[in-house]
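Have a look at this one.
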Amino acid sequence: MPTTNEITETAPGVFGVLLEPCSCQVLPFVLVSDPRSIVWLVAYHPHHIVEWIDLPLPLTADAPAEILRARLPSFDVQFPIASFLERLPRMHARAGMLAVQMERPVPDTLTFNKLGSDPHRHAVLKQNGWLLSFDLPHDGEHAWVECPDRAHLERVLASPVIASGNLP
């Protein structure tokens, strides 16, 4: 298992670091400073992992949302970074969060689950403008951050909030 706050090269040109236990509220201190970037939440769960809740959901793409009792709904969503950061204080990662920062909108044909453990997944992500990945199993757990820019991870680790070890 990786040591916290130690940058490792996980694949050629890909660097990762295990953060101290945190919540998704640490993201403003981790994301790449690029005002044109996109934050892609992959299979986002807006609630606890196993519970029935009433949600407005569309049954087809062209139908209006209806209030339905649902369990385990998850979806991919992408935001311009400013819009994501504006909404982040209201968000939680009770069921985990995979946030992928991209230089540009994610193409319709790029799905994270199809990349899986493909040995070329980092190359595919880089071709599509990948800047950073943040994988948090759930709030209060260690987060794994990957980035093709080692210097960015060094700046993250040197920031006062991250260096304090007392992460949001």
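From the phi angles alone, apply the Karplus equation (6.51, -1.76, 1.60; θ = phi - 60°) to the range 92-98 and give each ³J(HN,Hα) in whole Hz, x where the residue is Gly or Pro.
Calculated HN-Hα couplings, in order: 9, 10, 4, 10, x, 8, 10 Hz.
If you put +1 on each Lys and Arg Cβ and -1 on each Asp and Glu Cβ, how big is the dipole of the chain around its Cα centre, in Debye rounded to 20?
That gives a dipole near 140 debye.
Moving to a separate point now. So, by mean Cβ neighbours within 10 angstrom, what's the order for 151-161, 124-134 with the highest one leading?
Top to bottom by mean Cβ count within 10 Å: 124-134, 151-161.
Which of LEU88, LEU55, LEU115 ends up with the largest GNM mean-square fluctuation for the chain, with Cα atoms connected below 10 Å?
In the Gaussian network model the winner is LEU55.
May I pose another question? To the nearest 0.05, what FRET efficiency results for LEU157 and GLU103 with a Förster distance of 22 Å applied to their C-beta separation?
0.45
Provide the descending list of Cα extents for the range 41-104 along its principal axes, expressed in whole angstroms.
34, 28, 17
Compute and list, largest first, the equivalent-ellipsoid semi-axes of the range 8-163 from the alpha carbon gyration tensor, each √(5λ) rounded to a whole angstrom.
27, 19, 15
Once both labels are modelled 7 Å past Cα along the beta-carbon direction, what's the LEU115-ILE67 spacing in nm?
My value for the distance between the label points is 3.8 nm.
Readers should treat all values here as calculations from the given coordinates under stated rules, not as data from a laboratory. Bear in mind that the values here come from a model prediction, so they are computed numbers and not experimental data. Glycine gets a Cβ as well: all are built from the backbone with ideal geometry, and neighbour counts include every protein chain shown.
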